């Protein structure tokens, strides 16, 4: 999935500048209650990205009440951990590109899996994604934390992935 030009335009309009960095909005079709990431200012830019999930990019809507969730307002791309992993990584890739970075700039990952048995399918899809878009992540794995058996937002969500990245400042 390519970066959506309209999402880039909205994100750049909605970003908030601080002396020490830039807060990037969540580029969901509806306003969410968390930022998409934070990019520091200095000799290097440090990007802290919010966790990304397999939410469907066009059909998902935030669940504001338990009834919203029961009614199926929140949508994921599928009930397959591999497809949700790929969607999560696509979101991370797109967000990094919006923030003038790339997958190669990632220095840390954090993975959340509600079901312990999904770790191998998640890992296999992650390796495929890295080999396709940034082989250095596969050849030189970054530090990571894996939390299994945890609850994440919707009961249909099978994976959530956070990333941190560092980008040298251009002179």
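The values are calculated or read from the model by the stated rules, or taken from the named source; none is laboratory data. Quantities reported herein were computed from a predicted structural model and do not represent experimental measurements. Please note: Cβ atoms are built from the backbone with ideal geometry, for glycine as well, and neighbour counts cover all protein chains shown.
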Select from segment 44-92 the residues that are within 12 Å of the chain's Cα centre (by Cα), closer than 17 Å to residue 151 by Cα and not in a helix (DSSP H, G or I) and list them in ascending order.
50, 51, 52, 53, 54, 55
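Go through segment 156-171 and give me each residue that's assigned to a strand (DSSP E or B) and surrounded by 14 or more Cβ atoms within 10 Å (Cβ to Cβ). Explain how you work it out, then say what you get.
Let us first name the residues in segment 156-171 that are assigned to a strand (DSSP E or B), namely 160-168.
Passing the criteria: 160, 161, 162, 163, 164, 165, 166, 167.
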State whether one or more residues within segment 65-76 are touching a helix residue (DSSP H, G or I) at 6+ places or on another chain (Cβ under 7 Å), over 28 Å from residue 9 (Cβ atoms) and in contact (Cβ under 8 Å) with a residue 60 or more places away in the chain.
no
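State whether one or more residues within segment 147-155 are assigned to a loop (DSSP other than H, G, I, E, B) and touching a strand residue (DSSP E or B) at 6+ places or on another chain (Cβ under 6 Å). Spell out how you get there, then give the answer.
We begin by selecting, within segment 147-155, every residue assigned to a loop (DSSP other than H, G, I, E, B); these are 149-155.
Then drop every residue that is not touching a strand residue (DSSP E or B) at 6+ places or on another chain (Cβ under 6 Å), which leaves 150, 152.
Yes, some residue in segment 147-155 is assigned to a loop (DSSP other than H, G, I, E, B) and touching a strand residue (DSSP E or B) at 6+ places or on another chain (Cβ under 6 Å).
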In segment 71-101, what residues are surrounded by fewer than 17 Cβ atoms within 10 Å (Cβ to Cβ) and in contact with a strand residue (DSSP E or B) (Cβ under 8 Å, 6 or more places away or on another chain)?
75, 100
Return the residue satisfying two criteria in turn: it lies in segment 126-145 and is closer than 30 Å to residue 9 by Cα and touching a helix residue (DSSP H, G or I) at 6+ places or on another chain (Cβ under 7 Å), and of such residues it is surrounded by the most Cβ atoms within 10 Å (Cβ to Cβ).
126
Among (1) closer than 20 Å to residue 161 by Cα; (2) at pLDDT 70 or above; (3) out of contact with any strand residue (DSSP E or B) (no Cβ under 8 Å at 6 or more places or on another chain), there is one condition residue 3 misses while meeting the rest; what is its number?
(2)
